[in-house]
Amino acid sequence: AQVAICRALTGYLGRGDGFSDRCPPAAAVVPVCGGGSVVFAPLLAKTPCWFWHSESDSAVPCSDTEALVAALEKLDAPVRFTKLTDEETPESPPYVAYMEHHNAWTPAYKVDSPMWAWLFAQSREEGA
């Protein structure tokens, strides 16, 4: 199955929306600026994840994502993490200009991002 969840949303993983009963099992998850809680690590342990976050994000602390990535690594989960420096993080668009260093989605989703090749290489067996 080729269902992937890519979402740039403040606190998205903190609520567990990416792997709730309402969502089909995902072949991969690409949380951007999502933070998250380590309590969800066991739910994600078999799903390939590539996290993206800016180190100085003023909206969602990068430390939340770092903690979740560390918890997944302890579970030997297939996880990647791109931590962007302030210089690598473009200015936020006007509608979220008050969120400094929050625009990790532009580097993550740009046309030549390595994330796309990785994402489309992921699959999930039926019934898994």
Find how many whole Å separate the alpha carbon centroid of region 57-84 from the alpha carbon centroid of region 35-56. 5 Å
Using a probe of 1.4 angstrom, how much of the accessible area of region 43-92 is carbon and sulfur, in percent? 47 percent
Of all GluC sites (Glu not before Pro) in region 42-104, which ones are in loop regions per DSSP and have a Cβ with at most 11 other Cβ atoms within 10 Å? Glu87, Glu91
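The values are calculated or read from the model by the stated rules, or taken from the named source; none is laboratory data. Predicted, not measured: the structure shown is a model, and the values here were computed from it. For neighbour counting, all protein chains shown are included, and Cβ atoms are generated from backbone atoms with ideal geometry for every residue, glycine included. Calculation scope for accessible area: heavy atoms of the full protein, side chains included, ligands and nucleic acids excluded. Shrake-Rupley method; radii C 1.70, N 1.55, O 1.52, S 1.80 Å.
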